[in-house]
Amino acid sequence: MKTLIVVIHPNFAASVVNKSWVKALENQPELYDIHQLHQVYADGKIDVLAEQQMIEKYDKIVFQFPFYWFNCPPFFKQWLDEVLTYGWAYGKNSGYKLEGKKIALAISAGIDEQEYRETGKYKYSMDQLTSPFEITFDYVKADYQKPFVFYGVEKESSTAWVEEGVTRYLRFLEQL
């Protein structure tokens, strides 16, 4: 079964890393379906029912986005708030439609990995900073996976570095 890749990038046209990931995924349409939220909902109005119906078709879902201001893009938070509704994703008499589905994050982070440590500049690990996603997906009984994070994009953007990110991302997806 294919993996759904939900891309949330507010400025995809200017992206280097996320764009390279999507290009690599597009070369394997038998394995991946790509859903770009900002392209589908340019007006910011999410079709909740369509999103829920789409999500129900997949057993593996990856949310791909750049990490900035120590969080996800606002449109991803809006998606979570609107799509993970009571009675569909959780709650009494719910179908828990995400139950057992493998859910992962694929994050491009500009800052070096060593800065995301208790002793680093930003004091918190990526696991700590992404814990709200883990809690959210645990709450709806999804099978949350450890995120894929590609660090250091601000300091290193050579073609070789970006290609290394593509290779590591595809390896992560294969093991999902």
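For this structure, a couple of remarks:
- Lys141 versus Ala42: modelled label distance in nm, points set 7 Å from Cα along the beta carbon direction: 4.0 nm
- Loop-resident GluC sites (Glu not before Pro) (DSSP state other than H, G, I, E or B) in the range 17-75 with no more than 12 further Cβ atoms inside 10 Å of their Cβ: Glu30.
- Amide H to amide H, with H built 1.01 Å from N, Val7 comes under 5 Å of His35, Gln36, Leu37, Gln64, counting only residues 5 or more places away or on other chains.
- Taking label points 7 Å from Cα along the Cα-to-Cβ direction, Tyr122 and Glu30 give a separation of 3.8 nm.
- In this structure the range 36-77 gives 53 Å² per residue of accessible area when probed at 1.4 Å with all protein chains present.
- Neighbour cut-off at most 15 other Cβ (10 Å), DSSP loop, GluC sites (Glu not before Pro), the range 88-122: Glu99, Glu118
- Estimated distance in nm for a label pair at Asp59 and Met1, the labels positioned 7 Å out from Cα along Cα-to-Cβ: 0.5 nm
- Pairwise FRET efficiency - Glu163 versus Lys92, Cβ, R0 = 45 Å, nearest 0.05: 0.40
- Of (i) 1.03; (ii) 1.10; (iii) 0.95, the label for Rg/Rh (Cα atoms, Kirkwood Rh) derived from the coordinates: (iii)
- Prolate/oblate/rounded label for the range 12-66 (Cα gyration tensor, a/c 1.5): oblate
- Expressed as a whole percent, the accessible surface of the chain that belongs to carbon and sulfur atoms is 49, based on a 1.4 Å probe.
- Solvent exposure of the range 81-176 amounts to 57 Å² per residue of accessible area, where only protein heavy atoms count and the probe is 1.4 Å.
The values are calculated or read from the model by the stated rules, or taken from the named source; none is laboratory data. What you see is a predicted model; the values in this text were computed from it and never measured. When we count neighbours, we look across all protein chains shown, and the Cβ atoms used for this are built from the backbone with ideal geometry, even at glycine. Keep in mind that these areas ignore ligands, DNA and RNA; they rest on the heavy atoms of the full protein, side chains included. Shrake-Rupley method; radii C 1.70, N 1.55, O 1.52, S 1.80 Å.
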